[in-house]
Amino acid sequence: MVKDQTALKQLCSWIMTDIEVDAAPGQDILNFAVARLTEARKQEANILIAEILNGNPSDWELERQWFRNGARIGAVNPAFYRRLFQELKDRLAGKPATFRF
């Protein structure tokens with residue numbers, strides 16, 4: 001189990017706070033955020049997200065994780081967070097994107 005949540009906090013805060021300033025127009029935000037992590041941090045974040053998802057959390061619990069880890073902006077539909085965490089996990093593992101954020 002990963003105790004240090006720094007990598008996930010970095011991802012959440014970059015995706016929903018700093019992105020508009022740093023990412024190029026039209027650039028995929030998730031790829032941009034993932035690319036900013038070191039390989040070690042990518043592995044940590046991937047393990048932590050897997051642990052979160054394997055716990056079969058409710059959409060509400062995933063939303064809480066999202067905001068607890070530094071995001072300041074969220075989604076209207078709570079089901080979005082499950083898809084977002086799964087997409088982040090896949091991209092951290094080097095899988096191709098299934099949706100653009």
How many residues of the stretch 62-81 are crowded, with 18+ Cβ neighbours inside 10 Å and either of a type in the set (F, W, Y) or in contact with a Pro (Cβ under 9 Å, 6 or more places away or on another chain) (or both)? The answer is 5
Inter-residue pairs, beta-carbon under 6 Å, first more than 14 Å from Q65 (Cα to Cα) and of a type outside the set (D, E, K, R) and in the stretch 1-22, second modelled with pLDDT under 80 and not in a helix (DSSP H, G or I), 6+ apart: T17/R72
Looking at the stretch 69-101, which of its residues are under 20 Å from N54 (Cβ atoms), of a type in the set (S, T, N, Q) and either part of a loop (DSSP other than H, G, I, E, B) or modelled with pLDDT under 85 (or both)? N69, T98
Please work out which one of (1) at pLDDT 85 or above; (2) touching a Lys or Arg at 6+ places or on another chain (Cβ under 7 Å) is the condition W14 fails and give its number. (1)
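The values are calculated or read from the model by the stated rules, or taken from the named source; none is laboratory data. The structure displayed is predicted, hence computed values, not measured ones. Reconstructed Cβ throughout: ideal geometry from the backbone, glycine too, with neighbour counts over all protein chains shown.
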